[in-house]
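Undergrad: Below is a structure I'd like to ask you about.
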Amino acid sequence: MGKIALLFAMILLPALSMASVTDPAQPLAPVSKELKKQLLGTPVYLQIFKEERLLELYGKIGNEYRLLDSYRICNFSGGLGPKRRQGDFKSPEGFYHITLNQLKPDSRFYRAINIGFPNQYDRQQGYDGKFLMIHGDCVSVGCYAMTNAYMDEIFTYVNAALRNGQPEVNVSIYPFRMTNSNMQRHRNSYYASFWQQLQPGYSYFTEHHQPPAVSVSSGKYVLNGNPVMNNTPAQSSSFLALAKTK
């Protein structure tokens, strides 16, 4: 009986371990309000989830990025999928970077942060567009619109981080939380192969609590210098396991 139990354990434990990597839990609760105030000026990181209509602001504590707060997105346009051309009214998806000159404190949409579309990946795909922002006023035509109160807080933390020495703020924009169950739910989408390129970046942050180091090679997103394997959830799991050993 003991040998049978041991055999089942040997079979189940790897599966459970893989599930924890590829289908991660929801994010932890944000830090306390008191700690959040003290972290103004720390390096920050942004994640956006279209389907959940959520922007998450993370701040660096020690060697990890912790959730400072989550903000409901008032409006974005065009549904799920990447922005591809000027006038398609879609809001971008992918990996972007914000520098100090991309902050617009006097935008006609209250305050605004230009996300830097098109990035290198977008340009290699032939995508075009300009002035894609996170901004206030709750009105969107291809941008991510917030309430003015939420935009005040997001802008303040990004501005403080950049002025305090952070070279750029990474922004990862996803169609949804990129768990294997959500990927399976959207497996028949026209954009499924593109989303498979984004999933390892999401999983990397979930596992390491560090923004993913994403670049572009041969028209594909590359994570930590390694090409993304984007055919099946099992391949994504193997890739993430490889990245974790580095």
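Where a number appears in this text, it was derived from the coordinates with a stated rule and is not lab data. Everything numeric in this text was worked out from a predicted model, so none of it was measured. Glycine also receives a Cβ, built like all others from the backbone with ideal geometry; neighbour counts cover every protein chain displayed.
Undergrad: Given a Förster distance of 25 Å, report the FRET efficiency between K220 and N164 from their Cβ-Cβ distance, rounded to the nearest 0.05. Intermediate values should be presented prior to the final figure.
TA: Numbers: r = 34 Å, r/R0 = 1.34.
Calculated transfer efficiency: 0.15.
Undergrad: By how many nm would the segment from D128 to N63 lengthen if fully extended, with 0.36 nm per residue of separation less the alpha-carbon distance? Don't jump to the answer; show the numbers that get you there.
TA: Numbers: separation 65, 0.36 × 65 = 23.40 nm, distance 3.62 nm.
Stretched fully, the D128-N63 segment lengthens by 19.8 nm.
Undergrad: Need the list of aspartates and glutamates near K37 for cross-linking: C-alpha distance under 12 angstrom, and skip anything on the same chain fewer than eight residues off.
TA: Straight-distance partners of K37: D69, E153.
Undergrad: Take the Cβ-Cβ distance between E207 and S77 as r, set R0 to 25 Å, and report the resulting FRET efficiency rounded to the nearest 0.05.
TA: 0.20
Undergrad: Which of V139, V171 comes first, and how do the rest follow, when ranked by fewest Cβ neighbours within 10 Å? All intermediate terms of the calculation are to be shown ahead of the outcome.
TA: Values: V139 13, V171 23.
Starting with the residue having the fewest Cβ neighbours, the order is V139, V171.
Undergrad: Along the principal axes of its C-alpha atoms, what lengths does the range 104-173 span, in descending order and rounded to whole Å?
TA: 35, 31, 19
Undergrad: Just need the relative contact order of the range 33-180 here, percent rounded to a whole number, with Cα pairs under 8 Å and 6+ apart. Please report the intermediate quantities before stating the final value.
TA: Working: 330 pairs, mean separation 45.2, N = 148.
RCO, the range 33-180: 31 percent.
Undergrad: Oh, and also: Of the cross-linked pairs K36/K90; K60/K83; K50/K90, which ones have a Cα-Cα span greater than 22 Å in the structure shown? Please list the in-between numbers first.
TA: Working: K36/K90 33 Å; K60/K83 30 Å; K50/K90 11 Å.
Correct reply: K36/K90; K60/K83.
Undergrad: OK, next. Quick check: pseudo-label points 7 Å beyond the Cα along Cα→Cβ at A29 and T99, how many nm apart are they?
TA: Here the modelled spin labels are 4.0 nm apart.
Undergrad: Only Lys, Arg, Asp and Glu count, each charged at its Cβ (+1, +1, -1, -1), so figure out the dipole size of the range 33-180 about its Cα centre, rounded to 20 debye.
TA: 100 debye
Undergrad: Let me ask something else. Once the range 33-180 is represented by equal point scatterers at the alpha-carbon sites, with solvent omitted, what log10 I(q)/I(0) does the Debye formula produce at q = 0.21 Å⁻¹?
TA: Log-scaled intensity ratios, in q order: -1.41.
Undergrad: Looking only at the range 33-180, where both bridge partners belong to it, what percent of the DSSP beta bridges are antiparallel (to the nearest 5)? Let's see the in-between values first.
TA: Numbers: 25 of 31 bridges.
So the antiparallel bridges amount to about 80 percent of the total.
Undergrad: So how far apart, in nm, are the two label points at V141 and R187 if each is 7 Å from Cα heading toward Cβ?
TA: Between V141 and R187, the simple spin-label model gives 4.0 nm.
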